[in-house]
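Let me begin by presenting the structure, written as structure tokens, before commenting on it.
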């Protein structure tokens, strides 16, 4: 099925460990996004990529890095995980402003 | 300060009831989105609108740009409609501001 695929679905890290969240879309969308969702708060934008080869910071970029590897893939890296990064992470893509967003199924990350 | 406010935060309804979820926002926008998040977490886009009204099945979304307000209506609600409904607004090029969601429970 066409859509946005995120891996892994669940992950537990120790403080200071690193990891990369993977995201791939097969809809040929230009724009891709990483959001985090925390209890009692709306989703917040971490980073986005408006096109292949470009990335920009969102509202909460500290502690994260991203790579737009090609048009399909947009990865999110935590270099040194902290408990404050415990959250559910969503990747999303869109064609452009005229269209809606397609979300991945989410990654539940716990940092202990 | 939250640019998007939803009400109510929680809503319980009997099957068959007409449901309204409200969204107010404080910024100028180019579009407003309604999303649905089921237990288990996946997020599905329901509507994107910039004016007027859209309908899909039993769901209707309206927006009043002048009043900075949108509503999501569900007619003949069903237990499978139980989910969190999220309003998000797009003020500019590449970001959405999200509400905290309305948790809907429909009881058989």
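Read the figures in this text as sums done on the coordinates, not as results from a lab. Keep in mind the model is a prediction, meaning the values are calculated, not measured. Cβ: placed from backbone, ideal geometry, glycine included. Neighbour counts: every protein chain shown.
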Calculated FRET value between residue A:20 and residue B:54, using beta carbons and R₀ = 35 Å, to 0.05: 0.40
Chain A, relative contact order in percent, only Cα pairs under 8 angstrom and at least six apart counted: 36 percent
GNM top mover of A:35, A:101, A:48 - chain A, alpha-carbon springs below 10 Å: A:101
DSSP bridge pairs, chain A: antiparallel proportion in percent, nearest 5: 90 percent
FRET efficiency, 1/(1 + (r/R0)^6) with R0 22 Å, evaluated for residue A:65 and residue A:110 via beta carbons: 0.65
Alpha-carbon centroids, region A:3-29 and region A:63-112: separation in whole Å: 7 Å
Modelled label reach - residue A:10, point 7 Å along Cα→Cβ, region A:70-111 residues with backbone N closer than 15 Å: A:87-89, A:106-111
Compactness index (Cα Rg / 2.2 N^0.38 Å), region A:55-112: 1.24
Distance in nm between pseudo-label sites at residue B:105 and residue A:57 (7 Å out along the Cβ direction from Cα): 4.1 nm
Cβ neighbours within 10 Å from other chains - mean over A:37-43: 6
Radius, Kirkwood style, for chain A when every pair of distinct Cα atoms is counted (Å): 13.9 Å
Convex hull projection area averaged over all views, the protein assembly as shown, Cα basis, nm²: 12.0 nm²
Rounded if a/c under 1.5, otherwise prolate or oblate - region B:22-85, Cα gyration tensor axes: prolate
Shielding by partners - mean other protein chain Cβ count within 10 Å, residues of B:42-49: 5
Cα-only radius of gyration and Dmax that characterise chain B, units Å: 13.2, 42
Bridge type composition, the protein assembly as shown - antiparallel percent by DSSP, nearest 5: 90 percent
